[in-house]
Structures are given as structure tokens and as C-alpha cells.
Amino acid sequence: MAAANPRITTRVGGALVAIGVVQFSVAMAVVQAAYPGYSDLQNYISDLGNTATSPWHPVFNVSIMILGALAFVGILLAWDGFPGGGTRAPALGLLLVASVAAILVGVFPENVNPTVHGLASLLVFAPGGIALVILGIGAGSSPRWRWLREISIGLGLVTLVALAYYVPTQSNNTTWDPGFVERLIVFPILVWGFLAAVELLRAPPPTPAPHAVPA
């Protein structure tokens, strides 16, 4: 059986990541529109999946599970299409952790199991932000990915700085506009996911193997 074309495999992986990000973004907007009095500044994103208060909670919870599943499979398929070197394995490993955690966020809504939901959310936020910074550093060694280097590092730092403020203020409920701060954590990861998917979809053809020289 012929080996899979690496260009096609990378593009399929990129397409899965893009589909995951787009469908989740649309689902958030749709569920939010159906949620009476929902505020981007005050409400958490996870409120959209609250089975007691969100009218369309199944849409949100299924959508974030789809996002996690498509991201996980997409990253594995497109693995070789990401910048190489020593940064690829740890960064993509962290993104795989974040992808699994995203599935758990949907399986355990905030009002059903707050402890697991909170831990799963943290395992999306922290590994995601760290992975973006690492991949941005690694992008400098790849001409194709160099355009995303500063963007990736910047988005990752926004996530991590917002997370560093968000976590300690949760215990005493003093977060300034908690919904806004949470979006500063999540949206950079989604934006990066879409931009990375675009680059993966532009995967160049594989370098042809050199022909053997007759003796």
C-alpha cells in the first residue's frame, strides 16, 4: 500500500483545525445570542454551557468537544508540517493536552462538576499559552513559518499574562470584568489556531528524493 502523501496529510490536519475553530466560534455566537442578558464582560465563556441557565447549552458543549477532537486529530495528522527542531514535540504535546482538556470542558459543564470543569479549563489555558510561545520561538528556524513568529509569541504572552491575573483573583471574586479577562485568555489561542491552520493548508509539495546515479 502506498504511503500517504505528506502534503495531503498536512492539509487535512490543517483543515480539521480550521473547521474546529470556526464551528466553535460560530457556536459561541449563536448560543450567546439565545442567552438572555449575557454579557461579554461579566459572563464566563463556560456560562454558555451551563445546563441550568443557558437555553442552548447542548450546542456549546458539543461544539467545544468537537473543537477538542478535531484539534487533536488535526495536530497529529499535520505534525510534520509544523516548524521542526526541538520545539515541535513539546509544543504540540502541550496542544494535544489542551485539546483533550477542551473535550472534558464540554463533558463536565461548570454547574455539573465545577472541580473537573475548572481543572480542564486550566489545562486548556496554560498549556495552550505556553505552546504558542514555544512554537513562536521555533518558527524562526522555518522560512515558511517565520511570518507567524512574533504573532505566535505575542498571542501566547497575552494568554499567559491574562491567565496570571485571572487565576489568583478567582478565589476572592475580584476579577476585573471576568468575562473579558477570560476572553483575553481564550481568543488568542483560537486566533492562532486559525492562522496556523491557514499555513498548514498552504503546505508545499514534498521535496523529491534524489535519483540514483548509475554506476
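Taken together, the values in this text are just the output of simple stated rules run on the coordinates, not laboratory data. This structure is a prediction, so every number in the text was calculated from the model and none was measured. Counting neighbours? That spans all protein chains shown, and the Cβs are built from the backbone with ideal geometry, glycine included.
Matching the structure-derived Cα extents along the principal axes in Å against the labelled list (1) 56, 33, 32; (2) 64, 33, 32; (3) 76, 34, 26 gives the label (3). Here the label points at TRP176 and GLN23, each 7 Å from Cα along the C-beta direction, are separated by 3.8 nm in the simple model. Taking the C-alpha atoms only, the angle from helix 6-33 to the longest principal axis of the chain is near 10 degrees.
Extension gain for VAL167 to LEU41 (0.36 nm times residue separation, less C-alpha to C-alpha distance): 43.7 nm. Which FRET efficiency value, to the nearest 0.05, is calculated for LEU119 and SER142 with the Förster distance at 41 angstrom and r the Cβ-Cβ distance? FRET efficiency, LEU119 to SER142: 0.75. Based on DSSP H segments of at least four residues, each scored -39500 (n - 2.57), the chain has a per-residue ellipticity at 222 nm of -23000 deg cm²/dmol. Along the stretch 131-139 the Karplus relation, 6.51 cos²θ - 1.76 cosθ + 1.60 evaluated at θ = phi - 60°, assigns HN-Hα couplings of 4, 5, 5, 5, 5, x, 4, x, 5 Hz to successive residues, with x for each Gly and Pro.
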